[in-house]
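Structure first, commentary second.
The values are calculated or read from the model by the stated rules, or taken from the named source; none is laboratory data. Note that the structure is a prediction, hence the values are computed from the model and not measured. We place every Cβ from the backbone using ideal geometry, glycine too, and count neighbours over all the protein chains shown. What goes into the accessible areas is simple: the full protein's heavy atoms, side chains included, and nothing from ligands, DNA or RNA. Shrake-Rupley method; radii C 1.70, N 1.55, O 1.52, S 1.80 Å.
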Amino acid sequence: MITANSPLDEKVADTASKMKTVLLEHDPSKIAVAWTGGKDSTVVLAIWREVLKAEGLFNPLSFSIDTGVKFPEVMAFRDRLAQEWDIDLKVLRPEVNIKTYPVAKDTVSCCRDLKIKPLQKALAEYDIQVLITGIRRDEHPSRSTREAFEKRENPDHILLNPILEWTEMDIWSFITMHAIPYCELYDQGYRSLGCQPCTVLGDGGSERQGRSEDKEKNLELLTSLGYF
């Protein structure tokens, strides 16, 4: 059984094994990686890419939500790496006028309109059966009871969370060992990257300390609404 204290090589093997399981059971064109451009989902995308390659499959499908208020550095990194890695990137955008929308005034409504609704629409449009995420159990208390395989509705699909037991140090160790590219903002002191209005530099505390406190306290509610 893989735990947070398991060696990294065992965690990598376990992650790949879970990915192979869904690949055996589902059409690869119906499996997408939820890629934020952040370190965790980039690691997941890197491993998924190798799992596909081993089966002679290429051009992994990824969904990336562009809320209109993301860090430009993250979006530029995402677009550059998508081209380098030959990713089938689908950029999802909300159906709101971001210039007049009350961004971050009500974080639950904001995340629902800018992230959850575009994601749900894309899942239905592309008939996605499995969405692979980069969430980790140690990031937030609401994720402590999450499962590797989760049945989701609206629309029906499976959420695969293959790096739940990884730690922040595991992520950076993997990135270093395999020379995985990452966004330059991490070198500036950011440890977790969300939308600009809800992300600031932390002061050395928890990994998500720089995230909006209001959003963080409502993360479990957002998950129930369709957020990963």
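Simple rule: put +1 on each Lys or Arg Cβ and -1 on each Asp or Glu Cβ in the chain, find the dipole, and look at Ala32, Val44, Pro181; the Cα lying farthest toward the positive end is Ala32. The Stokes-Einstein estimate for region 39-109, based on a Kirkwood radius over Cα pairs and taken at 10 °C with 1.306 mPa s viscosity, is a diffusion coefficient of 114 µm²/s. Amide hydrogen proximity for His157: with H placed 1.01 Å from N in the peptide plane, the residues at 5 or more positions away or on another chain lying under 5 Å are Arg152. If you sort the three axes of the alpha carbon gyration tensor as a ≥ b ≥ c, you get a/c of 1.5 or more for region 1-135 and a/b above b/c, which makes it prolate. Computed from backbone phi, the HN-Hα couplings of region 5-10 come to 8, 5, x, 4, 4, 6 Hz, rounded to whole numbers (Karplus: 6.51 cos²θ - 1.76 cosθ + 1.60, θ = phi - 60°; Gly and Pro given as x). With each label modelled as a point 7 angstrom along the Cα→C-beta vector, the Met75-Ala16 pair spans 3.6 nm. Among the GluC sites (Glu not before Pro) within region 61-132, those in coil by DSSP and having at most 16 neighbouring Cβ atoms inside 10 Å are Glu95. Just checking the listed ones, Arg80, Arg137, Arg112: in the Gaussian network model of the chain with Cα springs under 10 Å, the one fluctuating most is Arg80. Our coupling estimate for region 126-133, obtained by passing each phi through the Karplus curve with A = 6.51, B = -1.76, C = 1.60 and θ = phi - 60°, is 9, 6, 6, 9, 9, 10, 9, 10 Hz, Gly and Pro reported as x.
With each label modelled as a point 7 angstrom along the Cα→C-beta vector, the Ser144-Val108 pair spans 2.2 nm. Classify region 78-191: rounded, prolate or oblate, from the alpha-carbon gyration tensor (a ≥ b ≥ c, eigenvalue square roots; a/c under 1.5 rounded; otherwise prolate if a/b is larger than b/c)? Rounded, since a/c falls under 1.5. Label-to-label distance for Lys53 and Lys99 is 4.4 nm, based on points extended 7 Å past Cα in the beta-carbon direction. Taking amide H positions as modeled 1.01 Å from N, with prolines and chain starts lacking one, the residues under 5 Å from Trp166 and 5 or more places away or on another chain are Arg137. Placing +1 on each Lys and Arg Cβ and -1 on each Asp and Glu Cβ, with no other charges, gives the chain a dipole about its Cα centre of roughly 500 debye. Counting protein heavy atoms only, region 79-228 has 48 percent of its accessible area on carbon and sulfur, 1.4 angstrom probe.
Binning the C-alpha pair distances of region 99-142 at 5 Å intervals from 0 yields a P(r) profile of 5, 17, 16, 19, 21, 15, 6, 0 %, listed from the shortest bin outward. Comparing Gly202, Gly56, Gly68 in a Gaussian network model of the chain (Cα springs below 10 Å), the most mobile by mean-square fluctuation is Gly56.
Taking 29 Å as the limit for the C-alpha separation, the pairs Lys18/Lys121; Lys18/Lys39; Lys53/Lys217; Lys20/Lys217; Lys20/Lys70; Lys99/Lys121 exceed it in the case of Lys53/Lys217; Lys20/Lys217; Lys20/Lys70. Excluding ligands, DNA and RNA, what is the solvent-accessible area per residue of the chain at a probe of 1.4 Å, expressed in Å²? That works out to 48 Å² for each residue.
Between Asp27, Asp40, Asp138, the GNM of the chain built on Cα springs shorter than 10 angstrom shows Asp27 fluctuating the most.
Annotation: the antiparallel percentage among DSSP beta bridges lying fully within the chain is about 30. Taking only the alpha carbons of region 1-81, we obtain Rg and Dmax values of 14.2, 41 Å in that order. Only helical runs count toward this figure. For the chain, summing -39,500 (n - 2.57) over DSSP H runs of n ≥ 4 and dividing by all residues gives -11000 deg cm²/dmol at 222 nm.
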